[in-house]
There are 2 protein chains.
Amino acid sequence: MIENVKLEEAQGDILSLVIQLPGESVPLAQALGRVIHNDLYATNDLPVCAQSAVDGYAVPVSGKEACFRYLVKESLLPGQMPGFGIGPGESTGVVTGGPLPAGAGAVIPCESVKCDGEHISFRGAISLGDNIKSQGEDFCKGDLLARGGDIVNPGTVGVLAAFGMNEVVVSRVPRVAILGLGKEVVPCSVAPLPGQIRDCNGPLLAAFAQRDGAFVTAMETAGAKSPSNVKSLLENMLWQADMVLTTGGTASGVCDQAMNMVRQTGARLLFWGVRIKPGSHSGAAIYENKVIISLSGNPAACAAGYHLLAAPVLRALQGLGPYPKRLSAVCKNSFPKKGGPRRFVQGILSCSRSGLEVTIVPGQKSSMLRGLLNNGNVLIDLPAGHRPVEAGAKVQVILLNPCAHWEQ
Amino acid sequence: MIENVKLEEAQGDILSLVIQLPGESVPLAQALGRVIHNDLYATNDLPVCAQSAVDGYAVPVSGKEACFRYLVKESLLPGQMPGFGIGPGESTGVVTGGPLPAGAGAVIPCESVKCDGEHISFRGAISLGDNIKSQGEDFCKGDLLARGGDIVNPGTVGVLAAFGMNEVVVSRVPRVAILGLGKEVVPCSVAPLPGQIRDCNGPLLAAFAQRDGAFVTAMETAGAKSPSNVKSLLENMLWQADMVLTTGGTASGVCDQAMNMVRQTGARLLFWGVRIKPGSHSGAAIYENKVIISLSGNPAACAAGYHLLAAPVLRALQGLGPYPKRLSAVCKNSFPKKGGPRRFVQGILSCSRSGLEVTIVPGQKSSMLRGLLNNGNVLIDLPAGHRPVEAGAKVQVILLNPCAHWEQ
């Protein structure tokens, strides 16, 4: 085990051991937001044959039309196949998406023709292919529909439905269990006695993990439980989940419960302590193929640790890209603190006329929850020994999730 | 009923009749992504009393400290209340988040002291309040925690948990039913016969509605069902859902099934036909307090109609702001088509060094699905009679959902 590692080293240590979860077949109707497991290709042309693009009249196009008057030979109903062809001066009523009779070169929309008994007439120009969807116009057989690692969005669902893909293979949902270790921490449903505090990190981490595609199998607090009971709790979590997050009990003082508990399960410690603020009291371990990440008990530090260490694991488990984007942005306000270790500050990224801007949100103390209320979408990455950040300074940011705030 | 209305008139007609859904109490753990119903305020100060911000030693601060050597009077365990106070030259071991003994003015972190039997010594400056979280530092009783109309994000969950709000009142989930009316349309799970096509609009609309916070109660196709059976289907949907979406059967030709079906339920038609492309064949009706929106059967037109007419209803039902943002952006590529009615083109908004840019995605024909594969985040709003759009032109865009694509 290495102590006080560099962040990238910590991330690399964990991610080198994460294996993408297997795929599972789910009904298309349940695939929204899941991650495609393998590339998917068109199994046929779409449309499968030429179709009318409008409700109207299919007509032949020779390029030598003398007049635009046609006998209406028949009118096809939706779903009806034409059992005939059309010749010069003949037309057939067709419907949007419907097949065309042999000999059809274009379709004239209903609203553009004048009906006259059994005939229609039309004023205007007609070109070959007008209002006809050609075979394969939308997709050709073999076209890529979705790439492994893509998140299924509504458009994906519509396209896969059009090809009759009623089941889709997506990465299995990562399972996450969460254990609060602070002895003074009670479940948030319990009224705390003097000296106790409510568990807010459990619900916070559960919500982060859910948003990032995971299923939360358990959320518990150790409280006053005996060490052997806490060990059992942790072992149970390791059995049911792909990743166990612990919070609290990570301070370097007398009560470093997290490190001891993790060690006692037989898990292999990867590192303990990361050279960042907040979140320096983070650690990670591996038990078989399960990841254990110990996060600080201070809420803002717990959140930063989640974003920097746990979220990348959830991405890797699902086969998503290894880590969210890094961008540079202009800081809209100032941050007076200086020096110390590499620091991560919660911010809101937005787009102005002059490009990306980031606003530092109030409530940045690691013990504070207030900063989290703003639904910040980036962590601003200030290097070790940084100077105070002044408004207008260029800073590096790490994008936390695909949601963004736009403004002009 | 009015025909061929202006888009804003169509939206206004519908939204003037939409009533926000009532609130319902859900467990906090299930509130993520839901919409807060009423403003929520802090019920107490947080922290409730002064606490240590670190594991360390609480010491008195008089401003006249001669030397920094203290007798360690006791060491408090997590959750333990101090039953004593400290005087000059005395200290108490305290834990992060733990209460402080009377007389404490600051806390010195564990890692900064030297232990020497029953004493600790420290080199450095101490100021009143160092490493102490004061009462109400994070939130004061009465502070606004979440506003009615806010979407619950992970930070909201963490904060509400800290205040013991285990249940939260959110807007009831809107219920949406979807009916495909084209006679040639078969469920996407059925292999189409010649002349038939698979229903892709149903799954597409269901996915849009789910993403926008709705629960889909039913997704059916009318196919070859008799008019009275389709009427029953529609009536059943009106009974179970807050909004019914129909697709297809809206062309102006011989088979305007949608308009007839909607009329037969006894619903009041609000308008039929909107002066936009694609999606001109859209209509809306009201049955009691249920909204019926009829969308085109062409997939891209169906999607545009959803975004412009149905999504605002889902927002209003949940108590979200009435309509997504309008922005102006520079178009990165060209769109050769010109003239005709007001046109909506699918695009991807991104942020460059010079501000907002939008890329027109390929596959814009109303019959095509390809354009939907790109997960476009805006509709570009081109006015009636517009000229071809050239790369570099300024265009108006309507933001479709909170996801955005960033680049630099």
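The table below gives the values:
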| quantity | calculated |
| --- | --- |
| Those residues of region B:354-388 which are over 21 Å from residue A:52 (Cα atoms) and polar (S, T, N, Q), in sequence order | B:354, B:359, B:374, B:375, B:377 |
| Counted residues, region A:103-129 - those being farther than 27 Å from residue B:295 by Cβ and either surrounded by 14 or more Cβ atoms within 10 Å (Cβ to Cβ) or of a type in the set (Ser, Thr, Tyr) (or both) | 9 |
| Restricting region A:383-408 to residues that are closer than 22 Å to residue A:309 by Cα and touching a Leu at 6+ places or on another chain (Cβ under 9 Å), the residue that is modelled with the lowest pLDDT | A:404 |
| Residue A:97 buried (at least 22 other Cβ atoms within 10 Å of the Cβ), in contact with a helix residue (DSSP H, G or I) (Cβ under 8 Å, 6 or more places away or on another chain) and not β-branched (Val, Ile, Thr) | no |
| Odd one out for residue B:56, checked against (1) within 30 Å of residue A:373 (Cα to Cα); (2) over 49 Å from the mean Cα position of the chain (by Cα) | (2) |
| Index of the failed condition, residue A:158 passing every other in (1) modelled with pLDDT under 95; (2) within 9 Å of another protein chain (Cβ to nearest Cβ) | (1) |
| Any chance residue B:64 is among the charged types (D, E, K, R) and in a loop (DSSP other than H, G, I, E, B) | yes |
| Boolean, residue A:26 is of a type in the set (A, V, I, L, M) and in a loop (DSSP other than H, G, I, E, B) | no |
| So residue A:174, is it modelled with pLDDT of 95 or more and closer than 30 Å to residue B:154 by Cα | yes |
| Hey, residue A:10 in the same structural domain as residue A:103 (by TED's automatic domain parsing), of a type in the set (A, V, I, L, M, F, W, C), touching a strand residue (DSSP E or B) at 6+ places or on another chain (Cβ under 6 Å) and not in a loop (DSSP other than H, G, I, E, B) or not | no |
| Strands (runs of 3 or more DSSP E) within region B:306-405 that include 1 or more residues farther than 25 Å from residue B:204 by Cα and more than 13 Å from chain A (Cβ to nearest Cβ) | B:326-331, B:394-399 |
| Subset of region A:78-89 [in a loop (DSSP other than H, G, I, E, B) and either surrounded by fewer than 15 Cβ atoms within 10 Å (Cβ to Cβ) or more than 14 Å from chain B (Cβ to nearest Cβ) (or both)] | A:81, A:83, A:84, A:86, A:87, A:88, A:89 |
| Pick from region B:274-324, criterion in contact with a Gly (Cβ under 9 Å, 6 or more places away or on another chain) and charged (D, E, K, R), ranking: farthest from residue B:4 (Cα to Cα) | B:315 |
| Residue within region A:255-271 that is surrounded by fewer than 20 Cβ atoms within 10 Å (Cβ to Cβ), within 14 Å of another protein chain (Cβ to nearest Cβ) and on the phi > 0 side of the Ramachandran plot present | no |
| Looking only at region B:335-349, and only at residues there that are closer than 19 Å to residue B:376 by Cβ and in contact with a strand residue (DSSP E or B) (Cβ under 6 Å, 6 or more places away or on another chain), the one that is surrounded by the most Cβ atoms within 10 Å (Cβ to Cβ) | B:347 |
| Residue count, region B:138-154 (criterion: within 10 Å of chain A (Cβ to nearest Cβ) and at pLDDT below 95) | 5 |
| Selected residue [part of a strand (DSSP E or B) and not small (Gly, Ala, Ser)] from B:4, B:38, B:44 | B:4 |
| Residue match in region B:286-301 (condition: touching a strand residue (DSSP E or B) at 6+ places or on another chain (Cβ under 8 Å) and within 28 Å of residue A:351 (Cβ to Cβ)) | yes |
| Region B:271-284: number of residues that are farther than 18 Å from residue B:237 by Cβ and assigned to a strand (DSSP E or B) | 6 |
| Selection within region B:111-128 - within 12 Å of another protein chain (Cβ to nearest Cβ) and either in contact (Cβ under 8 Å) with a residue 60 or more places away in the chain or under 45 Å from the mean Cα position of the chain (by Cα) (or both) | B:111 |
| Selection from region B:129-159 of residues that are on the phi < 0 side of the Ramachandran plot and within 17 Å of the chain's Cα centre (by Cα) | B:146, B:147, B:148, B:150, B:151, B:152, B:153, B:154, B:155, B:156, B:157 |
| Members of region A:47-61 that are part of a loop (DSSP other than H, G, I, E, B) and farther than 14 Å from residue A:121 by Cα | A:47, A:48, A:49, A:50, A:53, A:54, A:55, A:61 |
| Unique match (being crowded, with 24+ Cβ neighbours inside 10 Å, farther than 27 Å from residue A:383 by Cα and under 26 Å from the mean Cα position of the chain (by Cα)) among A:295, A:317 | A:317 |
| Candidate set: region A:194-249, residues that are in contact with a Gly (Cβ under 9 Å, 6 or more places away or on another chain), assigned to a loop (DSSP other than H, G, I, E, B) and touching a residue at least 60 places away in the same chain (Cβ under 8 Å); chosen: the one nearest to the other protein chains (Cβ to nearest Cβ) | A:200 |
| Identity of the residue in region B:93-110, touching a residue at least 24 places away in the same chain (Cβ under 8 Å) and not in a loop (DSSP other than H, G, I, E, B), that ends up farthest from the other protein chains (Cβ to nearest Cβ) | B:106 |
| Residue in region B:174-183 that is at the interface with chain A (Cβ under 7 Å from one of its Cβ atoms) and either of a type in the set (S, T, N, Q) or in contact with an Asp or Glu (Cβ under 9 Å, 6 or more places away or on another chain) (or both) present | yes |
| Which numbered condition residue A:371 misses (of (1) among the small types (Gly, Ala, Ser); (2) touching a helix residue (DSSP H, G or I) at 6+ places or on another chain (Cβ under 6 Å); (3) outside the structural domain of residue A:386 (by TED's automatic domain parsing)) | (3) |
| Only listed residue being touching a Pro at 6+ places or on another chain (Cβ under 8 Å) and either closer than 30 Å to residue B:156 by Cβ or outside the structural domain of residue A:215 (by TED's automatic domain parsing) (or both), chosen from A:93, A:98, A:129 | A:98 |
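The values are calculated or read from the model by the stated rules, or taken from the named source; none is laboratory data. These numbers come from a predicted model, not from an experiment. Note: ideal-geometry Cβ built from the backbone for every residue, glycine included; neighbour counts use all protein chains shown.
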